[in-house]
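Asker: My questions all concern the structure below.
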Amino acid sequence: MSDLTRMSAVALAAALRGGNVSSVEVTRAHLDRIQAIDPAVHAFLHVDVDGALEQAAAADERRAAGEEGALLGVPIAVKDILVTRGMPTTCGSKILHGWVPPYDATIVTSLRAAGMPLLGKTNMDEFAMGSSTEHSAYGPTRNPWDLDRIPGGSGGGSSAAVTAFEAPLAIGTDTGGSIRQPGAVTGTVGVKPTYGGVSRYGLVALASSLDQAGPVARTVLDAALLHDVIAGHDLMDSTSIDVQWPSMAAAAQVGDIDGLRVGVVKELGGEGYQRGVRDRFGEAVRLLVDAGADVVEVSCPHFEYALAAYYLILPSEASSNLAKFDAMRYGLRVLPDDVAAPSAEQVMAATREAGFGDEVKRRIILGTFALSSGYYDAYYGQAQKVRTLISRDFATAFEQVDVLISPTAPTTAFKIGEKLDDPLAMYLNDIATIPANLAGVPGLSLPSGLADEDGLPTGVQILAPALEDARLYRVGAALEAMLHERWGGPLLDSAPELEAAA
Amino acid sequence: MTAVSTRSTNSAELMPFDEALSQFDPVLGLEVHVELNTASKMFCGCSTVFGREPNTQTCPVCLGLPGALPVLNAAAVESAIRIGLALNCDIAAECRFARKNYFYPDMPKNFQTSQYDEPIAVNGGVDIDVDGQPFRIGIERAHMEEDTGKSLHVGGATGRIHGADHSLVDYNRAGIPLIEIVTKPIEGTGRLAPAVARAYVGWLRELLLGLGVSDVRMEQGSLRCDVNLSLRPDPGAPYGTRSETKNVNSLRSVERAVRYEVSRQAARLASGRRVVQETRHWHEDTGVTTSGRSKEQAEDYRYFPEPDLVPIAPSVTEVERLRASLPEPPAVRRARLQADWGFSDLEMRDVVGAGALLLVEQTVAAGASPAAAKKWWLSELARRANDAGVALDELAITPEQVAAVQSLVDAGRVNDKLARQVLDGVLAGEGSPEQVVIARGLEVVSDEGQLSAAVERAIEGNPDVAEKIRAGKVAAAGALIGAVMKEMHGQADAARVRELILEKLN
């Protein structure tokens, strides 16, 4: 294995800046690593060898011309839900098989402008519906800690790619936990920014009012550097917030928690949470107390309805967002059997039948039902009221404390196939992450250790008020430093070595 | 009615209009869709120019490509607010867009972004003039929405989807901003129902032109009208079941569609059948409506607030600024012009009815007398527009050119008959009136020597007529004038010719 792939983004950036290594060398090292181990991990749906090397060479030229840039020349992987001009974008679905977008997502434009070579597109649950990446139409991604286990979802490809040292950084998207939960179960860092903090233009919508893209990384500081690249107001996204964001990297470098008021969310823990997850969480809380934080228990009484509200709002919006996949303009087109001259409507139906997987169909049906006349008030309308109550719970909590913390996910990584036939069990994986999406507040997950019972990673989640993303990095970096000191190094150092494919 | 009878499955029994109105009281409702003339589309920067190559004015947003997001066009919101204010509506302090979900190939996203339960303008009302009678029309709402693409069905006999072997879609129109203006139920029209409907749509067209927010070209679809109509036994009774006739796209058709639906529904009700609540299609060629979707088959649009857009909250200051920018209301403007021009009520109604108010106003502004301006637009030019099947303002002649023709007449350089040839030349694209006069050699001959010689030749050639005139029968001069004009190829001032004849024979 090349040392370059083991380096953090910060370290790579320093090496590039110091002229010790070129972006072409760094990028090639990661492409080699992908070629060697991705057959086992399957983090990528598409690897753009030529494109990445070209962009790396261009980054080296820019540096030679005197350009600076925090992540100039550092390669990155992008979840396959962000459109990339000239590179296939499938969203993990057959229905977009072969589609090559004619435009770049705003995030992708930002990455290109920052001189970050795009290694390729990472695997995901189809249209980001799932918590295990098993719902990808192109086969599951495997957790580098144990190849028989899931890497979380929907962004399991991005989390596995950074875990397996295939990429120093990746972009994920988080609608109900799809950045943070994969981070937790792979021992990596994932951040869901404040809703509106990062442009959604070019992010293929699952649920427009919940979706938010964010950084996937191995350290809090790496995530912060990437956050600084992708955040900012975008005129192409009406829900994008027009504020001047402070530097997240600067906040991560401060890493100070003295006098910080921390609220442990009463409703996000206890019963239903795996023993090892609870133990590691308790230890993290004690570290904060020892470091001078003022930790109290905080109640958010409406969080218990979050999952139910989420599974009405998300399918409702998704049923509408996914209506555009109709075989008329792009993507898969399937003609119905036994119809001589099919109508457009029949082609739409046959294509959607063949092109969507079961979980996608399940949610489209749920959402269509929830929005139907006569049911709207009871389902979608009620869910929106719950959403308001959850936002109020956050508002009340943040009057008492600076940040909230909880375990990120109730369990460690489960076995591939274990929950595939039990959607409700699968949905419960996001029970701790969903409230942040419903309220639009930012959240960061970082590794809290390994569960004693299975030796698998567990995660702790930090939540802050909307717009206070920098606070997450300040607290996250401090906690991470204490944990690293305790472990004697990053958690990933204890991950098993992956064998290169023959 | 042969054309109707071939449509055997759709042909309907009709009760004569007058008879229908003696038995039933009609209630009207009009929904008018107006395409705004903003430079760019509702939610993206694509051009809105009409008639370009299919699918050349599109982008990821209006094609509904995965990942694309809408951004609201501020100019469209301004236009919507101005329309709302001109219709005396309340402007919502805050309102939202919704998604109207249904599958159709000309809908790129398979949902239309439209206002639903939170329109930008509500509860207005306007006074219109129907054949000299004032009539109050209540306005329920005006809301914003985006237009769909346009399907072209290829291979069928009728251009309709039925029988076509394939269809093409042009998305140039997809995303063009539309305002839908919905009236409250219009009661108390009685037999004037068709006239009220026509007058309202005509009035609205004039209002929108005056606001400058739309080209309102009905034949290009930039103003489209849906006619809702129901009948009830008498004015006190609850509303009957209504039909909704879609895409009635000319003023004349609005009138005809109302008349047809009154006759059709009356025949059904009189024979003990019920009126089906349904969408009906208007057929311009045959003048009938045919059944479309019934309410039982109606789609459930699953409206919900559009999460990709933020609420619109126009400030009071902004609304008041727009209110101050409104042009004079049509009724006030009409009264002012009538007084300025000294027209009778009847004359004024003719001008308005011909859709010539603005044209006459501009012609007067360009120097013509009101009477002359009215004369040209309402006679010669109206006839030509009618022959060509276009609206008056679509003729290839400007009010300034009409005024120039009149000034040629006033200067005695052309007579009325020659002036008509000048109009022909301008309409044929031969240039300005001055250029046409020169190129066609139309100027009247004012050389007295030449005229005098022609008069003498006419007298010599018609001695008996000359004798009658000498004997005092001045009316006989017409024959000699005719002969002179013929010799001069019409390019002479007939009054001067007459004077010369009388001088020479007395």
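Asker: So, in segment A:188-204, how many residues would count as being β-branched (Val, Ile, Thr) and at the interface with chain B (Cβ under 9 Å from one of its Cβ atoms)? Before the answer, list the steps.
Answerer: Filtering segment A:188-204 for residues β-branched (Val, Ile, Thr) gives A:188-189, A:191, A:194, A:198, A:204.
If we keep only those that are at the interface with chain B (Cβ under 9 Å from one of its Cβ atoms) too, we end up with A:204.
Looking only at that region, the number is 1.
Asker: Can you tell me which residues in segment B:142-156 are in a loop (DSSP other than H, G, I, E, B) and in contact (Cβ under 8 Å) with a residue 12 or more places away in the chain? Talk me through it step by step, then tell me what you get.
Answerer: Initially, segment B:142-156 is screened for residues in a loop (DSSP other than H, G, I, E, B), giving B:147-149, B:155-156.
The answer is B:Asp147, B:Thr148, B:Gly149.
Asker: Also: Is one or more of the residues making up segment A:358-378 in contact with an Asp or Glu (Cβ under 6 Å, 6 or more places away or on another chain), within 18 Å of A:Tyr427 (Cβ to Cβ) and part of a helix (DSSP H, G or I)? Steps first, please.
Answerer: Restricting attention to segment A:358-378, the residues satisfying the condition of being in contact with an Asp or Glu (Cβ under 6 Å, 6 or more places away or on another chain) are A:360, A:372-373.
Pick out the ones that are also within 18 Å of A:Tyr427 (Cβ to Cβ) and you get A:360.
Then keep just the ones that are part of a helix (DSSP H, G or I); that gives A:360.
Looking for residues that are in contact with an Asp or Glu (Cβ under 6 Å, 6 or more places away or on another chain), within 18 Å of A:Tyr427 (Cβ to Cβ) and part of a helix (DSSP H, G or I), one finds at least one in segment A:358-378, hence yes.
Asker: Here's something else I'd like to know. If you go through segment A:288-342 one residue at a time, how many are more than 13 Å from every other protein chain (Cβ to nearest Cβ) and at positive phi?
Answerer: Number satisfying all stated conditions: 2.
Asker: On to the next question. Given the options B:Ala385, B:Ala371, B:Ala403, name the one that is in a helix (DSSP H, G or I), surrounded by fewer than 17 Cβ atoms within 10 Å (Cβ to Cβ) and either at pLDDT 95 or above or not polar (S, T, N, Q) (or both).
Answerer: Values: B:Ala385 fails: surrounded by fewer than 17 Cβ atoms within 10 Å (Cβ to Cβ); B:Ala403 fails: surrounded by fewer than 17 Cβ atoms within 10 Å (Cβ to Cβ).
Going through B:Ala385, B:Ala371, B:Ala403 in turn, just one is in a helix (DSSP H, G or I), surrounded by fewer than 17 Cβ atoms within 10 Å (Cβ to Cβ) and either at pLDDT 95 or above or not polar (S, T, N, Q) (or both): B:Ala371.
Asker: I've got another one for you. Name the helices (runs of 4 or more DSSP H) wholly within segment A:397-496 that hold at least 3 residues that are surrounded by fewer than 24 Cβ atoms within 10 Å (Cβ to Cβ)? I'd like the intermediate steps shown before the answer.
Answerer: On the way: elements: A:423-427, A:434-439, A:469-487.
The helices (runs of 4 or more DSSP H) meeting that bar are A:423-427, A:469-487.
Asker: Would you confirm whether any residue within segment B:14-33 is more than 30 Å from B:Pro233 (Cβ to Cβ), under 30 Å from the mean Cα position of the chain (by Cα) and assigned to a loop (DSSP other than H, G, I, E, B)?
Answerer: Going residue by residue through segment B:14-33, those that are more than 30 Å from B:Pro233 (Cβ to Cβ) are B:33.
Keeping just the survivors that are under 30 Å from the mean Cα position of the chain (by Cα) gives B:33.
Add one more test, that the residue is assigned to a loop (DSSP other than H, G, I, E, B), and what stays is none.
No, the conditions are met nowhere in segment B:14-33.
Asker: Further question on the same structure: With the structure loaded, tell me whether B:Gln450 is assigned to a helix (DSSP H, G or I), of a type in the set (S, T, N, Q) and under 34 Å from the mean Cα position of the chain (by Cα) or whether it fails that test. Full working, then the answer.
Answerer: On the way: assigned to a helix (DSSP H, G or I): yes; of a type in the set (S, T, N, Q): yes; under 34 Å from the mean Cα position of the chain (by Cα): no.
So B:Gln450 does not fit the description; no.
Asker: As an exercise: evaluate A:Gly488 against (1) in contact with a Ser or Thr (Cβ under 6 Å, 6 or more places away or on another chain); (2) on the phi > 0 side of the Ramachandran plot; (3) small (Gly, Ala, Ser) and give the number of the one condition it does not meet.
Answerer: (1)
Asker: Residue by residue through segment B:42-56, note down the ones that are out of contact with any Cys (no Cβ under 6 Å at 6 or more places or on another chain) and within 14 Å of chain A (Cβ to nearest Cβ).
Answerer: Here is the first cut: in segment B:42-56, the ones out of contact with any Cys (no Cβ under 6 Å at 6 or more places or on another chain) are B:42-43, B:45, B:47-56.
B:Met42, B:Phe43, B:Gly45, B:Pro54, B:Asn55 - these are the residues of segment B:42-56 that are out of contact with any Cys (no Cβ under 6 Å at 6 or more places or on another chain) and within 14 Å of chain A (Cβ to nearest Cβ).
Asker: Okay, next question. What is the residue count in segment A:62-87 for residues that are more than 14 Å from every other protein chain (Cβ to nearest Cβ) and closer than 20 Å to A:Arg200 by Cβ?
Answerer: The number of residues fulfilling the criteria is 2.
Asker: Among the residues of segment B:179-224, how many are hydrophobic (A, V, I, L, M, F, W, C), modelled with pLDDT of 95 or more and part of a strand (DSSP E or B)?
Answerer: Qualifying residue count, segment B:179-224: 4.
Asker: A further question follows. Considering only segment A:267-280, how many residues are in contact with an Asp or Glu (Cβ under 8 Å, 6 or more places away or on another chain) and surrounded by 15 or more Cβ atoms within 10 Å (Cβ to Cβ)?
Answerer: Applying the first criterion (in contact with an Asp or Glu (Cβ under 8 Å, 6 or more places away or on another chain)) to segment A:267-280 yields A:267, A:274-276, A:279.
When the remaining residues are screened for being surrounded by 15 or more Cβ atoms within 10 Å (Cβ to Cβ), the result is A:267, A:274, A:276, A:279.
Counting residues in segment A:267-280 that are in contact with an Asp or Glu (Cβ under 8 Å, 6 or more places away or on another chain) and surrounded by 15 or more Cβ atoms within 10 Å (Cβ to Cβ) gives 4.
Asker: Here is a further query. Does B:Ala439 meet the test of being over 30 Å from the mean Cα position of the chain (by Cα), in contact (Cβ under 8 Å) with a residue 12 or more places away in the chain, outside any loop (DSSP other than H, G, I, E, B) and crowded, with 20+ Cβ neighbours inside 10 Å?
Answerer: Values: over 30 Å from the mean Cα position of the chain (by Cα): yes; in contact (Cβ under 8 Å) with a residue 12 or more places away in the chain: yes; outside any loop (DSSP other than H, G, I, E, B): yes; crowded, with 20+ Cβ neighbours inside 10 Å: no.
So B:Ala439 does not fit the description; no.
Asker: For segment B:332-348, check the following and say yes or no: at least one residue is over 26 Å from B:Val409 (Cα atoms), β-branched (Val, Ile, Thr), out of contact with any Ser or Thr (no Cβ under 7 Å at 6 or more places or on another chain) and within 14 Å of another protein chain (Cβ to nearest Cβ).
Answerer: There is no residue in segment B:332-348 that is over 26 Å from B:Val409 (Cα atoms), β-branched (Val, Ile, Thr), out of contact with any Ser or Thr (no Cβ under 7 Å at 6 or more places or on another chain) and within 14 Å of another protein chain (Cβ to nearest Cβ).
Asker: Hey, among A:Thr122, A:Thr90, which residue is out of contact with any Pro (no Cβ under 8 Å at 6 or more places or on another chain), away from chain B (no Cβ under 14 Å) and over 25 Å from A:Ala250 (Cα atoms)? Don't jump to the end; show me each part of the working.
Answerer: Working: A:Thr90 fails: away from chain B (no Cβ under 14 Å).
Criteria check complete, one pass: A:Thr122.
Asker: Still on this model: List every residue pair whose Cβ atoms sit under 7 Å apart, with the two residues 6 or more apart in sequence or on different chains, where the first one lies in segment B:307-334 and is among the small types (Gly, Ala, Ser) and the second, anywhere, is at pLDDT below 95.
Answerer: B:Ala331/B:Asp127
Asker: Taking A:Asp60 as the residue in question, decide whether it is crowded, with 18+ Cβ neighbours inside 10 Å, without any contact (Cβ under 8 Å) to a residue 40 or more places away in the chain, over 22 Å from A:Leu221 (Cα atoms) and not aliphatic (A, V, I, L, M). Lay out the reasoning, then the answer.
Answerer: Details: crowded, with 18+ Cβ neighbours inside 10 Å: yes; without any contact (Cβ under 8 Å) to a residue 40 or more places away in the chain: yes; over 22 Å from A:Leu221 (Cα atoms): yes; not aliphatic (A, V, I, L, M): yes.
Yes.
Asker: Here are A:Thr188, A:Thr141, A:Thr173, A:Thr194: which of them is under 22 Å from A:Val229 (Cβ atoms), out of contact with any Leu (no Cβ under 7 Å at 6 or more places or on another chain) and β-branched (Val, Ile, Thr)?
Answerer: Answer to the check: A:Thr188.
Yes or no, residue by residue, for (1) buried (at least 17 other Cβ atoms within 10 Å of the Cβ); (2) in contact with a helix residue (DSSP H, G or I) (Cβ under 7 Å, 6 or more places away or on another chain); (3) outside the structural domain of B:Phe111 (by TED's automatic domain parsing):
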{"site": "B:Gly240", "(1), (2), (3)": "yes, no, no"}
{"site": "B:Val254", "(1), (2), (3)": "yes, yes, no"}
{"site": "B:Ser263", "(1), (2), (3)": "yes, yes, no"}
{"site": "B:Leu269", "(1), (2), (3)": "yes, no, no"}
{"site": "B:Ala298", "(1), (2), (3)": "no, no, no"}
{"site": "B:Phe304", "(1), (2), (3)": "yes, yes, no"}
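Asker: Please determine, by comparing only the residues of segment A:343-368 that are surrounded by fewer than 16 Cβ atoms within 10 Å (Cβ to Cβ) and more than 26 Å from the chain's Cα centre (by Cα), which one is farthest from the other protein chains (Cβ to nearest Cβ).
Answerer: Here the answer is A:Ala354.
Asker: For segment B:51-88, give me each residue that is under 30 Å from B:Glu328 (Cβ atoms), surrounded by fewer than 24 Cβ atoms within 10 Å (Cβ to Cβ) and touching an Asp or Glu at 6+ places or on another chain (Cβ under 9 Å).
Answerer: Residue satisfying the conditions is B:Glu78 alone.
The values are calculated or read from the model by the stated rules, or taken from the named source; none is laboratory data. These numbers come from a predicted model, not from an experiment. Ideal geometry is used to build each Cβ from the backbone, glycine not excepted, and the neighbour counts take in all protein chains shown.
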